[in-house]
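Worksheet for the structure shown next.
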Amino acid sequence: MRASERGRLLRASAAVAWLIPFLGPSHLGADTVLLKSGGKILDARILKEEAGMVHLRTPGGKMGVPRDKIESIEKGKSVFDEFDDQLARIKKGDADGRFKLAQWCRKTAGLRQEMVDLLEEVVEIRKDHAPARRMLGHVLIDGKWQVPPPLALRVRSDDKDLQEELFAQLSILFETRKDVRMVESLAGVKSADACEIVAAIGTSGRGTVTFFGHKLRDPKTGSAVNLKAQAAWTRPTPPEITVTGEVDATAGKRMAFVDAMNRNAADIHDFFDQVVQKRAAAIEAAASLSKDAPKVPGGEKAKAAGRGGKAITKKQ
């Protein structure tokens, strides 16, 4: 394992340990990893155990936890087990059953990859399944479904201290997406294939709450994260979302930001779904206008001359 990947996994496991107080009752039946620090990692599935590392999958993503940090592991049923149970009841070739399960996965944190796999199976069984195609970001041009290139996203934050963490959290989300990719620059990328994501991050604090001398709540640090898509084709109403998180004040603003991104992962995926679908609509509208435009004699010849002899290389 590369050092950079190991660092990301360790940061992720530490983040989940901080987030335990905010996980809902639906997580309580899954595998629980009890940490010696007193933290817990809930709704986990053990992927692999090594001498010094236990690899897990949780709704927040895949991560590795050093074995010497683990007190014990309590077995239970996770959301991944529930998915397996539902999938086992679907008959081979049942496109509708797979699509229904894909919709459930979309609303369930941590099952994005399963959703994509199911949708791809649906369109393999029924190639004209429009709802599944739309959820995958496909476009319909001249009566034929096409798969556009991944949308290039240039991400920037107004908080330079959290820029790297923003990239790290989005990278974890995008591991399960084929329709978007992050780039350092949009130079050379067609406007229909490019978008800026602007993140405005705010941090707040709440003091200790006492009642007749008894402490009811420790100080808290909160984070509010606003994500907004900016491109010519997002106008006049660019997709936008604001998510919030909160941790103990001792954890600091970085962990408050991580909490906001992790506890709202499903909603953030929905935001990027809106961006992808808006881009698909723009591509289809542009194709329709081009089809309806009057033909100009020599137009193809002129366009060929204007392209030159070399393709534009997209920056990664």
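The values are calculated or read from the model by the stated rules, or taken from the named source; none is laboratory data. Note that this is a predicted model, so its numbers are computed, not measured. Neighbour counts are summed over all protein chains in view; Cβ atoms, including those assigned to glycine, are modelled from backbone coordinates with ideal geometry.
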Query raised in the report: In this structure, does ALA229 turn out to be in contact with a Cys (Cβ under 8 Å, 6 or more places away or on another chain) and either buried (at least 16 other Cβ atoms within 10 Å of the Cβ) or not hydrophobic (A, V, I, L, M, F, W, C) (or both)?
Result: yes
Query raised in the report: Hey, does region 286-296 have a residue that's out of contact with any Leu (no Cβ under 6 Å at 6 or more places or on another chain), within 20 Å of VAL180 (Cβ to Cβ) and modelled with pLDDT under 95?
Result: yes
Report task. State which residue pairs qualify: first residue under 23 Å from ASN264 (Cα atoms) and inside region 38-67, second residue polar (S, T, N, Q) and in a strand (DSSP E or B) in any location, beta carbons under 6 Å apart, and separation of 6 or more residues or different chains. Result -> LYS40/THR32; LEU42/THR32; ASP43/THR58; ALA44/THR58
Query raised in the report: When only residues in region 67-96 that are surrounded by 15 or more Cβ atoms within 10 Å (Cβ to Cβ), small (Gly, Ala, Ser) and more than 24 Å from the chain's Cα centre (by Cα) count, which is nearest to LEU118 (Cα to Cα)?
Result: ALA95
**Report entry** Single match in VAL247, VAL276, VAL258 (criterion: crowded, with 21+ Cβ neighbours inside 10 Å, touching a Gly at 6+ places or on another chain (Cβ under 9 Å) and not in a helix (DSSP H, G or I))
**Finding:** VAL247
Query raised in the report: Take the residues of region 97-144 that are surrounded by fewer than 16 Cβ atoms within 10 Å (Cβ to Cβ) and touching a strand residue (DSSP E or B) at 6+ places or on another chain (Cβ under 9 Å): which is nearest to ARG263 (Cα to Cα)?
Result: ALA130
Report summary line: Every listed condition ((1) under 23 Å from LYS178 (Cβ atoms); (2) at pLDDT 95 or above) holds for LYS91 save (1)
Requested in this report: Kindly indicate the residue of region 37-66 that is at pLDDT below 80 and not in a strand (DSSP E or B) and also surrounded by the fewest Cβ atoms within 10 Å (Cβ to Cβ) among those meeting that condition.
Outcome: GLY38
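Can you pull out every residue in region 232-244 that is over 18 Å from SER204 (Cα atoms) and surrounded by fewer than 18 Cβ atoms within 10 Å (Cβ to Cβ)?
Applying the first criterion (over 18 Å from SER204 (Cα atoms)) to region 232-244 yields 232-241.
Across region 232-244, the qualifying residues are ALA232, ARG235, PRO236, THR237, PRO238, GLU240, ILE241.
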Requested in this report: Identify all residues within region 38-62 that are over 10 Å from GLY110 (Cα atoms) and either in contact with a helix residue (DSSP H, G or I) (Cβ under 7 Å, 6 or more places away or on another chain) or among the acidic types (Asp, Glu) (or both); write none if there are none.
Outcome: GLY39, LYS40, ILE41, LEU42, ARG45, GLU49, GLU50, GLY52, MET53, VAL54
